[in-house]
Amino acid sequence: MKHLKSYIPLKRLLPLCFILVLFGCKHSANDDANSLKPAVHVTPAGDKIVFLDNFYNAYLKDARAGAKNYDTLYSQKIEKPVYENYFSAAEYAEAVKDFLGFSIHDTAGIQNTIIGIENNREKIENLVAAALQECRKYIKIEKLSVFIKPVNGTVKADIKKTGGIMSLTAGSQQIIIVIDPTVLSWSTMLEYCIANEYMHAYCTKIDYSKMSSWSLLQYLVYEGKGDVYAHMIFPGVNVPWTNALSEEEKAYIWSRVKMEMRSEEFYLNRGIMYGNDTYPQWSGFTIGYNMMQAALKNNPKLTPEEWVKLSPEKVLAMSDYEAMK
């Protein structure tokens, strides 16, 4: 679940419903979604690829018509209707709510992004379908819905660091992909992130627990499994968050975080995963990936169907990191 990599902040809880008075009638987010009718492509395997561009175009139309409060307009036209119609019942609904919570002020920039996605729609459909087909060679999820969301100006700097793609697992049946088509590596990263989030969706299906109660060890192993699976399917893709630390830095960071494995303190855990003033960027993702790699190196006969079911505690015990405790 990514990105700045898998973005999982839980900083706020917004109301799930809202009512707009329009022409004297009640107008809901469901009405917006139904009238906008986002483009949906169904793959041969039955997966759905849902393009959310229409919500952004509706926002742009009203913004250009003279709407004064862009934040309120964004909430009404994009954030709430998208959340209510597609993600309110997802396992990680709270994370999705925050993931959607970046307002738009650069209308020219978002317009160019939407055009770039429209121009590459067939390519996106083919890449997603092919990546899911590869993912199913090892573990099986019957059907998924993949939502394609244009990047907005707020996170443009971050998405450049991650190769033009940010992604999030909404739950066991839904993945969100954010695309910046101006970043040349976006298509390569798209396939990798589909595989990564596919594993996260499978993990959610077999062992769901609320993110707010995750321990740091759960977080490390969850992300480690996703990246190991994605690297297994797309071995030629180099991603910055799995090798963000030197060998010396990995040893030093582990010496500091090994006593925090049971921590359920959100801000501490997120700081370790993503980086902050104390920890280098993506420290936790690198540690989790290397921990999972070490466990599999020590147990090479395990199949993906077997190792995906390993508990975080078992992964730690099987890895070289256990000996470093």
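Confirm whether GLY236 is small (Gly, Ala, Ser), outside any helix (DSSP H, G or I) and free of Cβ contacts under 8 Å to residues at least 12 places away in the same chain. Break it down into steps so the answer makes sense when it comes.
Details: small (Gly, Ala, Ser): yes; outside any helix (DSSP H, G or I): yes; free of Cβ contacts under 8 Å to residues at least 12 places away in the same chain: yes.
Here the answer is yes, as GLY236 does meet what is asked.
Just for helices (runs of 4 or more DSSP H) wholly inside segment 76-170: which have at least 3 residues that are hydrophobic (A, V, I, L, M, F, W, C), farther than 26 Å from GLY46 by Cα and at pLDDT below 95?
Working: elements: 93-99, 107-119, 121-135, 156-161.
Filter on segment 76-170 gives an empty set.
Go through (1) in contact with a Ser or Thr (Cβ under 9 Å, 6 or more places away or on another chain); (2) closer than 23 Å to MET318 by Cβ; (3) part of a helix (DSSP H, G or I) one by one and return the number of the condition ALA251 breaks.
With respect to (1) in contact with a Ser or Thr (Cβ under 9 Å, 6 or more places away or on another chain); (2) closer than 23 Å to MET318 by Cβ; (3) part of a helix (DSSP H, G or I), ALA251 is out only on (1).
Name the one entry in HIS231, HIS200 that is outside any loop (DSSP other than H, G, I, E, B) and outside the structural domain of ALA317 (by TED's automatic domain parsing). First the steps, then the outcome.
Working: HIS231 fails: outside the structural domain of ALA317 (by TED's automatic domain parsing).
Just one listed residue meets the conditions, HIS200.
This table checks each residue for (1) farther than 27 Å from SER185 by Cβ; (2) within 24 Å of the chain's Cα centre (by Cα); (3) of a type in the set (A, V, I, L, M, F, W, C).
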residue: MET211; (1), (2), (3): yes, yes, yes
residue: GLU223; (1), (2), (3): no, yes, no
residue: MET261; (1), (2), (3): yes, yes, yes
residue: ASN299; (1), (2), (3): yes, no, no
residue: LEU310; (1), (2), (3): yes, yes, yes
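Is segment 283-296 home to any residue that is in a loop (DSSP other than H, G, I, E, B) and assigned by TED's automatic domain parsing to the domain that holds THR242?
Of segment 283-296, the ones in a loop (DSSP other than H, G, I, E, B) are none.
Checked against the condition, which is being in a loop (DSSP other than H, G, I, E, B) and assigned by TED's automatic domain parsing to the domain that holds THR242, segment 283-296 yields no hits at all.
Kindly indicate whether ALA244 is of a type in the set (A, V, I, L, M, F, W, C) and part of a helix (DSSP H, G or I).
Details: of a type in the set (A, V, I, L, M, F, W, C): yes; part of a helix (DSSP H, G or I): no.
Judged against the criteria, ALA244 is not a match.
Could you tell me which numbered condition SER212 fails, if it satisfies all but one of (1) assigned to a helix (DSSP H, G or I); (2) at pLDDT 95 or above; (3) loosely packed, with under 15 Cβ neighbours inside 10 Å?
Condition not satisfied by SER212: (2).
Being more than 26 Å from MET232 (Cβ to Cβ) and buried (at least 24 other Cβ atoms within 10 Å of the Cβ) narrows it down to one residue among LYS156, LYS149; which is it? Show your work before the answer.
Numbers: LYS156 fails: buried (at least 24 other Cβ atoms within 10 Å of the Cβ).
Unique residue meeting the criteria: LYS149.
The values are calculated or read from the model by the stated rules, or taken from the named source; none is laboratory data. Everything quoted here is computed from the prediction, not taken from an experiment. Cβ coordinates were reconstructed from backbone atoms using ideal geometry, including for glycine residues, and neighbour counts include every protein chain displayed.
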